[in-house]
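Have a look at the structure below before the remarks.
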Amino acid sequence: RATQDKPPLHLQTLLATLDKVRCGRDPSEVMILDHGCGGGLTLLYLLALGYTGIHGVDVGEPREMWAPLLDEVFGIDDGRFHVYSGGDLPFADESFDFIFSQQVLEHVTDRFIDTYYVEEGRVLRPGGMVFHEVPHRLYPYDSHTRTWFIHMLPKPLRRILYRLTGNDPDYVEAMLHLRMTSFHRRMLRQHIGPFTDHTL
């Protein structure tokens, strides 16, 4: 049973932020976008809490497996999970009160990173909020490769050490784009507005 009294630890900050956005409204009135939703489990958790205005986008396969659940249990259409190219979001301007991602931005390539932030600014409603959990370049441990400090080193040395630790350097370079916190701050300031940094 979903409950906000004892939410999973990894969702506590997200839910606290979402509660500020809700500002006393019924959860069903809040439009939510998971920008890089993966399997969609966080959205399903929010749906169980009454947030029926959920949408998720990802560059992977459509989440057709959730269609019967959305229809039969929650009585909403299954068009809530969208596959897109990583560029323009398939939504009208000012569509969402709350946009979030959980460890997605480090996988967005340089080709799409600016568009990622620009599009969030476009589809966010006035007074809405954006919440991102972002591993960054200065964090000493990288959970993707399960290595310490290697991602901070110059590329030639980094590639050697990835190989020695059992990681394919070509794969790591293609899927992992850790950036400085200053980059994300600049993108937020430029495309979203004022922000609070809770770097751990």
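The values are calculated or read from the model by the stated rules, or taken from the named source; none is laboratory data. None of the values given here were measured: they were computed from a predicted structure. Every residue, glycine among them, receives a Cβ derived from its backbone with ideal geometry; neighbour counts consider all protein chains shown. Side chains are part of the model used for accessible areas, which takes the heavy atoms of the whole protein and leaves out ligands, DNA and RNA. Shrake-Rupley method; radii C 1.70, N 1.55, O 1.52, S 1.80 Å.
Express the carbon and sulfur contribution to the solvent-accessible surface of the chain as a percent, rounded to the nearest whole number, probe 1.4 angstrom. Write down the numbers at each step before the final one.
Values: 6020 of 11040 Å².
Solvent-exposed carbon and sulfur of the chain make up 55 percent of the total.
Surface exposure of the stretch 61-139, expressed per residue as accessible area with a 1.4 Å probe, stands at 52 Å².
Counted by Cβ distance under 13 Å from LEU188, the other residues give a net charge of +1, where Lys and Arg count +1 and Asp and Glu count -1.
Given a 1.4 Å probe and the protein chains as shown, LYS20 ends up with an accessible area of around 140 Å². Largest accessible area first, the residues LEU11, LEU69 order themselves as LEU69, LEU11 under a 1.4 Å probe with ligands, DNA and RNA left out. Taking all Cα pairs closer than 8 Å and separated by 6 or more residues, the relative contact order of the chain comes to 17 percent. Taken over the stretch 44-104, the alpha-carbon convex hull comes to 101 cubic angstrom per residue. Using alpha-carbon positions, what is the distance between the centroids of the stretch 116-145 and the stretch 179-197, in Å? Measuring centre to centre over Cα atoms gives 9 Å. Shown here: the stretch 100-160, whose C-alpha atoms stretch 46, 21, 15 Å along the first, second and third principal axes, sorted largest to smallest.
Cα-Cα pairs above 23 Å in the stretch 104-200: how many percent? That fraction is 33 percent.
With a Förster radius of 25 Å applied to the beta-carbon distance between TRP148 and SER85, the computed FRET efficiency rounds to 0.15. Normalised by residue number, the volume inside the convex hull of the Cα atoms of the stretch 1-142 is 125 Å³ per residue.
Would you kindly give the portion of the calculated P(r) for the stretch 4-77 that falls above 21 Å, as a percent of all Cα pairs?
Details: 694 of 2701 pairs.
Taking all Cα-Cα pairs of the stretch 4-77, the fraction more than 21 Å apart is 26 percent.
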